[in-house]
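Notes follow the structure.
The values are calculated or read from the model by the stated rules, or taken from the named source; none is laboratory data. Quantities reported herein were computed from a predicted structural model and do not represent experimental measurements. As a convention, Cβ positions derive from the backbone with ideal geometry for all residues, glycine included, and neighbour counts pool all protein chains shown. These accessible areas exclude ligands, DNA and RNA; they are computed on the full protein's heavy atoms, side chains included. Shrake-Rupley method; radii C 1.70, N 1.55, O 1.52, S 1.80 Å.
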Amino acid sequence: MSRPIEKTASFRESLRRVPDANGHFGAYGGRFVAETLMGPVEELRLAYEKYRRDAEFQTELQRDLRDFVGRPSPLYLAQRLTAECRGARIYLKREDLDHTGAHKINNALGQALLAKRMRKTRLIAETGAGQHGVATATVAARFGFECVVYMGEEDMRRQAINVYRMKLLGARVVPVTSGSRTLKDALNEAMRDWVANVDSTFYVIGTVAGPHPYPMMVRDFHACIGEETRRQALSTEGRLPDALVACVGGGSNAIGLFHAFLDDDVKLYGVEAGGEGLASGKHAASLSAGRSGVLHGNRTYLLEDAAGQIRETHSISAGLDYPGVGPEHAWLKDIGRVSYDTVTDVQALQAFHALTRHEGIMPALESAHALAYAMQLAPHMPPQQFLVVNLSGRGDKDIHTVASHQGIEL
Amino acid sequence: MSRLAERFAELRRAGRTALVPYITAGDPDKSASVPLMHVLVKAGADVLELGVPFSDPMADGPVIQRACERALRHGTTLADVLAMVREFRHKDTRTPVVLMGYLNPVEAFGTEAFAAATAEAGVDGVLTVDMPPEEASPLAGLLRARGIDPVFLLAPTTDAARLQRICETAAGFVYYVTLKGVTGAANLDVAEVRRRLEVVRRATRLPVGVGFGVRDARTAAQLAGVADAVVVGSAIVDRVAQFGHRRAELLTQVGAFVSELRQAMDAARV
């Protein structure tokens with residue numbers, strides 16, 4: 001009797017060779033835009049195809065990632081938090097130490113360098129919590145671009161400090177008053193600006209969503225997170241981590257961490273915003289509670305009503321408050337490579353306090369979702385194992401939210 | 001022959017340019033749409049474009065975005081829009097109706113069910129703004145099988161290869177977007193449109209409509225000599241927003257504006 005030949009990693013189809021030429025990740029992704037945007041999107045695709053292989057572009061990008069952003073970011077062993085959880089060792093990938101305080105700068109920098117080569121003079125961006133807006137305003141100041149950031153009126157109120165930071169950096173922040181006045185509406189407005197000003201303007205999308213090539217391009221610019229983590233784990237632990245955990249709104253920091261590990265025997269966990277719980281309907285968990293649809297130029301999982309209208313979402317963290325998700329995550333969910341789960345507002349707040357007290361590190365509320373999940377996971381793993389949490393941003397921007405939940409007026 | 005093809009053939013014989021007014025279905029409320037459709041026809045519309053409201057109309061400007069919000073506040077669904085067309089057909093069996101909207105509500109309805117329901121309701125064409133032919137959605141084929149024309153946009157930035165491909169997939173007419181921008185924007189350059197339409201006409205024998213940025217009778221008249229159809233949207237929806245709360249005045253004002261467009265266009269072609 002012959003034994004079936006076991007598939008080994010080297011024979012298995014690589015999960016890193018996506019998307020296809022038209023931007024499809026399995027059934028997801030693509031380019032679902034009006035004809036008015038097809039030209040600009042194609043122009044961008046061709047430019048990115050050219051410069052991603054261009055040695056001079058890569059040299060300039062690597063130099064600025066090192067000297068301007070401060071990469072590589074450390075891989076930090078959270079010893080006291082590990083002791084508290086009694087299980088696998090918990091490492092933090094310190095994206096909170098990147099310039100401007102979050103991973104978003106990796107991508108803003110890459111797109112700005114591309115915009116420069118495409119001879120554009122103006123950067124536009126959408127922002128929810130303001131981190132991507134700040135990152136875009138920062139690279140605009142660094143390279144001398146004009147900068148306009150679209151931000152929901154409601155988010156501007158919640159994130160007043162980031163609005164002021166963007167203004168200090170020379171950006172104009174345009175309040176968006178349409179729809180639900182949050183991130184998704186800011187994205188609509190930025191698209192409208194782009195189509196009207198495409199000759200001068202580069203649209204810097206802040207997450208792994210939108211029409212092709214954005215999901216791929218933004219992923220590539222964040223892939224350094226996982227590549228560094230790989231090298232750092234091999235040098236400190238002598239092997240790859242047993243698990244990786246990252247929060248997922250649009251999903252850019254998660255893809256950035258996961259991408260280098262997709263073909264390895266490493267468990268991957270994506271954590272969505274459970275808000276007040278899935279049963280309450282007040283959440284932003286498109287993968288856990290949504291269904292396939294088309295929005296913002298790509299097919300992906302969406303939170304929508306029975307008639308196909310996009311629903312308003314809720315999360316304590318403005319950066320996760322989005323009704324869609326990057327198409328690569330939709331695909332990774334369907335093929336079962338990544339496990340997606342949710343963490344509530346309350347659990348994220350508890351994790352925020354735990355990390356602040358045990359490690360002296362104040363995480364962004366987005367990253368606190370990943371942390372809360374890792375703290376549940378670690379006790380179920382033996383102490384000789386280790387996991388890595390993407391600490392995608394620092395929490396200074398969130399102290400008003402945290403304080404108000406404690407009934408404190410600052 | 002489809003109702004759209006028949007209408008365009010008639011117009012060609014008469015030497016007239018089609019006037020295609022757009023309203024968002026359910027704006028300002030569900031009961032206003034069918035009376036508005038009849039008023040548009042009476043004032044001189046040849047084809048009606050009925051917008052299916054969507055929460056995130058990315059290709060539309062602020063005027064139609066707000067019209068969608070008003071319609072959605074009253075819970076206007078795609079099923080409601082089809083019911084409006086069905087009701088319109090009780091009194092008007094000749095004026096072609098084209099639905100214009102976004103893909104997500106269609107998919108939520110069910111693509112196959114949508115194709116069947118539009119045919120049953122008396123819809124003649126469907127323009128799905130965010131569904132380029134490349135995405136190979138089964139929608140265009142399903143619509144054609146039911147005798148409904150899939151209508152597509154062409155833009156100033158559409159290159160020759162895509163122009164060819166779109167014209168092969170399209171039926172009824174093609175819709176040339178006159179400017180780089182969203183619906184309702186300004187700065188329409190008629191001479192440039194004329195040059196571009198010559199290129200489009202080399203790629204297709206379908207009638208060519210123009211729209212996005214036709215704000216007044218003067219512009220409509222200038223385009224009447226250039227295109228087979230002139231689509232006017234935001235300028236009409238602006239009036240719906242202004243007079244929406246008084247039904248009688250709403251119908252009078254919208255009717256008067258469309259008559260003015262009609263007269264200007266007809267005068268231009270004499």
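Given a cut-off of under 8 Å on Cα pairs at least six residues apart, what relative contact order in percent is computed for region B:3-269?
Averaging sequence separation for qualifying contacts and normalising by length gives 23 percent for region B:3-269.
Can you spot the lysines whose alpha carbon is less than 24 Å from A:Lys167's alpha carbon? Ignore those fewer than 8 places along the same chain.
A:Lys104, A:Lys116, A:Lys120, A:Lys184, A:Lys397
For the charge dipole of region B:3-269, defined by +1 on Lys and Arg C-beta atoms and -1 on Asp and Glu C-beta atoms about the Cα centroid, which residue among B:Gly147, B:Ala43, B:Ser137 has the Cα displaced farthest towards the positive pole?
Farthest along the dipole direction, towards plus: B:Ala43.
For region A:392-406, what does the Karplus curve 6.51 cos²θ - 1.76 cosθ + 1.60, with θ = phi - 60°, yield as ³J(HN,Hα) per residue in whole Hz, taken in order and with x for Gly and Pro?
For region A:392-406, the Karplus-derived couplings read 6, x, 8, x, 3, 5, 9, 5, 5, 5, 5, 4, 5, 6, 8 Hz, x marking Gly and Pro.
Would you mind getting me the FRET efficiency between B:Ala79 and A:Met118? Use the beta-carbon distance for r and R0 = 30 Å, nearest 0.05.
Computed FRET efficiency for B:Ala79 and A:Met118: 0.10.
Scaled to the compact-protein estimate 2.2 N^0.38 Å, what is the alpha-carbon radius of gyration of region B:85-161, rounded to two decimal places?
Scaled against compact globular proteins, the figure is 1.16.
For n ≥ 4 DSSP H runs only, could you compute -39500 (n - 2.57) per run for chain A, divide by its residues and tell me the 222 nm figure to the nearest 500?
-12000 deg cm²/dmol
Quick check on packing: order B:137-150, A:99-112 by the mean number of other C-beta atoms within 10 Å, highest mean leading.
Descending mean neighbour count gives A:99-112, B:137-150.
How big is the charge dipole of chain B about its Cα centre, in debye rounded to the nearest 20, if each Lys and Arg gets +1 on its Cβ and each Asp and Glu gets -1 on its Cβ?
Here chain B has a charge dipole of around 800 debye.
Given the peptides A:282-291, A:29-38, A:14-23, arrange them by the average over their residues of other C-beta atoms within 10 Å, most packed first.
A:29-38, A:282-291, A:14-23
Please give the total accessible area that chains A and B bury against each other, computed with a 1.4 Å probe and expressed in Å² to the nearest 100.
2700
Give me the percent relative contact order of chain A, please, defined on Cα pairs under 8 angstrom at least 6 residues apart.
Averaging sequence separation for qualifying contacts and normalising by length gives 20 percent for chain A.
Picking from B:Val97, B:Leu179, A:Thr342, whose Cα lies most toward the positive end of the charge dipole for the protein assembly as shown (charges on Cβ: Lys, Arg +1; Asp, Glu -1)?
B:Leu179
Determine the dipole magnitude for region A:174-309: charges of +1 sit on the beta-carbon of Lys and Arg, -1 on that of Asp and Glu, nothing else is charged, the reference point is the Cα centre, and the result goes in debye to the nearest 20.
It works out to roughly 180 debye.
Report, by chain and number, residues whose modeled amide H sits under 5 Å from the one on A:Leu302, excluding near sequence neighbours (fewer than 5 apart, same chain).
A:Arg291, A:Ser292, A:Gly293
D for region A:77-230, whole µm²/s, Stokes-Einstein with Kirkwood Rh over alpha-carbon pairs at 10 °C and 1.306 mPa s: what number?
Rounded to a whole number, D works out at 98 µm²/s.
Of all the accessible heavy-atom surface of chain B, with the other protein chains kept in place and a 1.4 Å probe, what percent is carbon and sulfur?
That share works out to 50 percent.
Report, for chain A, the % of DSSP beta bridges that are antiparallel, rounded to 5.
30
Report, in whole Å, the centroid distance computed from the Cα atoms of region B:108-137 and region A:137-151.
Here the two parts' Cα centres lie 40 Å apart.
How large is Rg/Rh for region A:271-410, to two decimals, with Cα atoms and a Kirkwood Rh?
Looking at region A:271-410, the ratio lands at 1.00.
Kindly write out, for region B:17-28 in residue order, the coupling ³J(HN,Hα) from the Karplus curve 6.51 cos²θ - 1.76 cosθ + 1.60 (θ = phi - 60°), rounded to whole Hz, with x marking Gly and Pro.
Rounded to whole hertz, the list is 9, 5, 9, 10, x, 10, 10, 8, 4, x, 10, x.
If you add up the charges near A:His314, with Lys and Arg at +1 and Asp and Glu at -1, over every other residue whose beta carbon is less than 9 angstrom from its beta carbon, what do you get?
Neighbourhood net charge equals -3.
Hey, what's the Kirkwood Rh for the protein assembly as shown if you take every pair of different alpha carbons, in angstrom?
26.2
Ignoring ligands, DNA and RNA, please state the percent of accessible area on chain A from carbon and sulfur, probe 1.4 Å.
Its accessible area is 49 percent carbon and sulfur atoms.
Which value, to two decimals, describes the C-alpha radius of gyration of region B:3-269 once divided by 2.2 N^0.38 Å?
With N residues counted in region B:3-269, Rg over 2.2 N^0.38 Å equals 0.91.
So, R0 is 22 Å and r is the distance between the beta-carbons of B:Arg89 and B:Lys42; what FRET efficiency does that work out to, to 0.05?
Between B:Arg89 and B:Lys42 the formula returns 0.85.
Roughly how big is the protein assembly as shown's charge dipole about its Cα centre, with Cβ charges of +1 (Lys, Arg) and -1 (Asp, Glu), in debye to the nearest 20?
The dipole of the protein assembly as shown has a size of about 960 debye.
Per residue of A:155-167, what is the mean number of Cβ atoms on other protein chains within 10 angstrom of that residue's Cβ?
Taking the mean over all residues of the peptide, I get 0.
What residues qualify as long-range amide H neighbours of A:Val176, i.e. H under 5 Å apart, gap of 5 or more or another chain, H built at 1.01 Å from N?
Answer set, sorted by chain and number: A:Met151, A:Gly152, A:Glu153.
Quick one: check the C-alpha center-to-center distance for region A:299-313 versus region A:208-257, whole angstrom.
Cα centres, region A:299-313 to region A:208-257: 27 Å.
Please list B:200-208, A:185-193, B:213-221 highest first by mean number of surrounding beta-carbon atoms within 10 Å per residue.
Top to bottom by mean Cβ count within 10 Å: A:185-193, B:213-221, B:200-208.
Compare the Cα positions of A:Gly179, A:Val134, A:Ala190 along the charge dipole of region A:133-208 (+1 at Cβ of Lys, Arg; -1 at Cβ of Asp, Glu; about the Cα centre) and return the one farthest towards the positive end.
Highest projection toward the positive end goes to A:Val134.
Give me the inter-chain shielding for A:302-311: mean count of other chain Cβ atoms within 10 Å, whole number please.
For peptide A:302-311, the averaged partner shielding equals 6.
For the protein assembly as shown, what is the accessible area per residue in Å² when the probe is 1.4 Å?
Per-residue accessible area for the protein assembly as shown comes out at 38 Å².
By the scheme Lys and Arg +1, Asp and Glu -1, what is the net charge of all other residues having a beta-carbon under 11 Å from that of A:Gly395?
-2
Can you return the lysines within cross-link range of B:Lys42? Criterion is Cα-Cα under 24 Å, with same-chain partners fewer than 8 residues away left out.
Partners found: B:Lys30, B:Lys91.
Report the net charge of residues surrounding A:Ala129, where surrounding means a beta-carbon distance below 13 angstrom and charges are Lys +1, Arg +1, Asp -1, Glu -1.
Once positives and negatives cancel, what remains is -1.
Take every residue in peptide B:148-155, count the Cβ atoms of other chains within 10 Å of its Cβ, and give the average of those counts.
Counting other chains' Cβ atoms within 10 Å and averaging over B:148-155 gives 2.
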